[in-house]
Amino acid sequence: MSNLIALSHGDISLRIIRPKDAKTMERLVVSNREWLKPWEATNPHGPTSFDYKSIIKSLIRQFENGDSVPFVILYQGEIVGQLNVSNILYGSVSTCVIGYWIIPEVAGRGITPTAVALVMDYIFFTIGLHRVEIDIRPENKASIRVVEKLGMRLEGVKKNYIHINNQWADHNIYALTAEEAGSGILNRLSDI
């Protein structure tokens, strides 16, 4: 996969995260603690790190191995969030999981649904995976609205799935397959 991947629609774009993004990402995460904390993965065996140099280094290594695609979300050219395609499996499974966050100043402007739609189209039509999954805490109404706008279906619940905000938390499983993508997720979103 090329680190030159860039996706865009109007004022919204995504590109692969770079080492030089570390200071910006760290500033966004630290300055938006109250907004992100209820949904953020924590380490059950130790402190959660905000060392974005190390985080980005790890994400890039996973990307180079073909295990993930780590994007930053940009709005009008400024970084406003992050979207990771992770747990990529090829072959007979051909699936992945998407996770994302955005800063509160731009929430509710359609940035997240557009970013996720762009990436889903890339996953289905460029990478060629068959299934995309997004796991969301049932309390996260804003993220649930995102997957509903994209036409993803609720498949069930993963009990105590991810350690979030210092406790094991259930997550709803939302998914979509390539057959369900039709002419594209961004097209579907634009029709709403």
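For segment 151-170, enumerate the residues that are outside any strand (DSSP E or B) and either under 23 Å from Pro44 (Cβ atoms) or open to solvent by 90 Å² or more (accessible area, probe 1.4 Å) (or both). Can you show your working first?
Step one: list which residues in segment 151-170 are outside any strand (DSSP E or B), which gives 151-152, 165-166.
Passing the criteria: Asn165, Asn166.
Collect the residues in segment 146-177 that are in contact (Cβ under 8 Å) with a residue 40 or more places away in the chain and touching a Gly at 6+ places or on another chain (Cβ under 8 Å), keeping them in residue-number order.
Ile173, Leu176
Hey, among Ser86, Ser68, which residue is surrounded by 17 or more Cβ atoms within 10 Å (Cβ to Cβ), of a type in the set (Ser, Thr, Tyr) and within 15 Å of the chain's Cα centre (by Cα)? First the steps, then the outcome.
On the way: Ser86 fails: surrounded by 17 or more Cβ atoms within 10 Å (Cβ to Cβ).
Sole residue among the options that is surrounded by 17 or more Cβ atoms within 10 Å (Cβ to Cβ), of a type in the set (Ser, Thr, Tyr) and within 15 Å of the chain's Cα centre (by Cα): Ser68.
Filter segment 67-113 for residues that are assigned to a loop (DSSP other than H, G, I, E, B), closer than 19 Å to Glu34 by Cα and small (Gly, Ala, Ser) and give the result.
Keep residues of segment 67-113 that are assigned to a loop (DSSP other than H, G, I, E, B), which gives 67-68, 76-77, 90-94, 103, 107-110.
Still in the list and also closer than 19 Å to Glu34 by Cα: 103, 107-108.
Correct list: Ala107, Gly108.
With respect to Ala178, is the statement that it is surrounded by 14 or more Cβ atoms within 10 Å (Cβ to Cβ), more than 17 Å from Gly99 (Cβ to Cβ) and modelled with pLDDT of 95 or more true? Reasoning before the result, please.
Values: surrounded by 14 or more Cβ atoms within 10 Å (Cβ to Cβ): yes; more than 17 Å from Gly99 (Cβ to Cβ): yes; modelled with pLDDT of 95 or more: yes.
Yes.
Looking for whichever is modelled with pLDDT under 95 and either small (Gly, Ala, Ser) or closer than 20 Å to Asn84 by Cα (or both) here; the options are His171, His163. Which one fits? Talk me through it step by step, then tell me what you get.
Numbers: His171 fails: modelled with pLDDT under 95.
It is His163.
Quick test of your reading of the structure: Ala22 fulfils all but one of (1) open to solvent by less than 40 Å² (accessible area, probe 1.4 Å); (2) under 28 Å from Tyr90 (Cβ atoms); (3) in a helix (DSSP H, G or I). Name the failing condition by number.
Every listed condition holds for Ala22 apart from (2).
The values are calculated or read from the model by the stated rules, or taken from the named source; none is laboratory data. This is a predicted model, so every value here is computed, not measured. When we count neighbours, we look across all protein chains shown, and the Cβ atoms used for this are built from the backbone with ideal geometry, even at glycine. Heavy atoms of the whole protein, side chains included, go into the accessibility calculation; ligands, DNA and RNA do not. Shrake-Rupley method; radii C 1.70, N 1.55, O 1.52, S 1.80 Å.
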